[in-house]
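The values are calculated or read from the model by the stated rules, or taken from the named source; none is laboratory data. Nothing here was measured: the structure is a model prediction, and the numbers come from that model. Methodologically, a virtual Cβ is constructed for each residue, glycine included, from the backbone with ideal geometry; neighbour enumeration extends over all protein chains shown. These area figures cover heavy atoms from the full protein model, side chains too; ligands, DNA and RNA do not enter into them. Shrake-Rupley method; radii C 1.70, N 1.55, O 1.52, S 1.80 Å.
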Amino acid sequence: MLAQVLGLLVVAEALARFAIALRVLMRRCGTSQTMAWMLVLLFVPVVSLVAYMLVGENRLGSRRARNYVDTTSRVRATIERLVRDRDQNWLGRAPGFESLQRLLESSSDIPALRGNRLRLLETPDAFFDALHDDIENATHHVHILTFIWTTGPRGTRIGQALARAARRGVECRVIVDDVGSKAFEGELVEHMRAAGVRIVRCLPVNPIRVLLARIDIRNHRKIAVIDGRVAFTGSHNIADPDFKLLSMPRVGLWVDATIRIEGPAVHALQGIFLRDWSADAHEAVTNESEYFPAIDAPDGGSLVHVAPSGAGDRGEAIHHAMMALFHDAEKELWIATPYFVPDEATRASLIIAARCGVDVRLILPARNDHRLVQAAGRSYYDELLGAGVRIWHYDKGLLHSKAINVDGRVSVITSANLDMRSFFLNLEVTSVVFDEGFSAKVRAMQERYLADSTEVTREQWCARGVHRRFVESVCQVLAPLL
């Protein structure tokens, strides 16, 4: 009897894997992702079923998806009104990149906005001092969205500033990712809430949500908006640069880059925050005009295109924009990113640019807190180095900055990594800046990264051991699932 039951279970499990394999084929995902799932389903029984149920499909949850659709229409109308009433026409202001701007606008419903004053913040002190001072000077509202918030000295400093602002009547809203900010709890959070700071943990991980949505889709955005006039966005979390995630290996200080914005682009970031707030706080903000005050847009300011992406938005917005940006490069394409796991299109774009004579440089951390991701990314080095792409390993900590510079004319500061998770799963926000002066600052920052890095030569890379080659090859197969 027991043998019959076991036999039925084995048959049922095999049929279930076959059914899921058909589902994977019918979904028409990318070839690499489809092949990865087929291999896992073939060679890893039982576990592959559980894995697919948890992370196999890009399910964000029906309620959140509906909220995104509803709030998008209002935010889009607000931005369109700003463009119409405040003369934010960007045509002709970035010759050679009009097609990229049209792509960004069509995929994000947000146009490029001119007349912005930008400040590049490279160090923790510069970022936290500026954010702290702006919170202390807030008069109407402070909105903060971050993936990681820890209760170390810097996280506590910002939390206390928010509590003081709330006590003097400033509306303070905070969104933290439920996974990234697991450590955001205890006395500081109680103090903030007691002062009137409204805190929401987005995309919660619990048994009910496991059944309704994919739990590894995370809100990876970093946004702070103060009084609708000043905003911050980039790669800084609300955490000390020496913080360590769970059992991950210690990799040194985190090195980040954020831009402080004064100007109309603040409204684009405000709209993204309000959409996320509506989705997770169960509150539709109706008095939107209070959060979008009139802002001067001088002709001499920077042209900035802010674009959200991820599940719930038009998911591939940033991926499409990156591919267009890489193809537009004529002389230089410098990229700093902590997590590099390129899909086929990204890899091909980098190779084509290098073979066309573009100076393509990748600046990546020498040591990463995600070992499998690091190994998967390095499995592509042979092909990239052979095509002429130059690769550097940053030696002084975890290079967490996500910064791109194209021809000294266009620069990108983003929360998104150059990997498939950022392109197709996580909620991200990207700022594309069409300004040669600002691009020069980004390039100077990247040059400082290079000064603290070691170039990877093809000869050295080909001489690495067989064990490393094997591990990297295995991780390459799993790369579409990481």
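Summary of values
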read-out: Using a Förster distance of 30 Å, the FRET efficiency for R164-V205 (Cβ separation, nearest 0.05); value: 0.40
read-out: Extension gain (nm, one decimal) between E316 and W461, 0.36 nm per residue minus Cα-Cα; value: 49.0 nm
read-out: Net +/- balance of residues flanking R154 in space, Cβ distance below 13 Å, scoring K and R +1, D and E -1; value: -4
read-out: Charge dipole of region 307-385 about the Cα centre (unit charges at C-beta), most positive-ward option of A353, H327, P365; value: P365
read-out: A19/N137 FRET efficiency (R0 45 Å; Cβ-Cβ; nearest 0.05); value: 0.15
read-out: Area accessible to solvent at R390, 1.4 Å probe radius, in Å²; value: 90 Å²
read-out: Region 216-235-region 315-381 distance, computed between alpha-carbon centres (Å); value: 24 Å
read-out: Given charges at beta-carbon only (K, R positive; D, E negative), |dipole| of region 233-381 in Debye; value: 920 debye
read-out: Nitroxide proxy distance, nm - points 7 Å out along Cα→Cβ at A194 and R355; value: 6.5 nm
read-out: Anisotropy class of region 256-306 from Cα gyration tensor, a/c 1.5 cut; value: oblate
read-out: Calculated FRET efficiency for the pair A126/A387, C-beta based, R₀ 51 Å, to 0.05; value: 0.90
read-out: Solvent-accessible area, 1.4 Å probe, carbon plus sulfur percent, for region 247-349; value: 48 percent
read-out: Cα gyration tensor shape for region 234-376, rounded if a/c is under 1.5, else prolate or oblate; value: oblate
read-out: Per residue, in Å², the accessible surface of region 93-244 once ligands and nucleic acids are set aside, probe 1.4 Å; value: 37 Å²
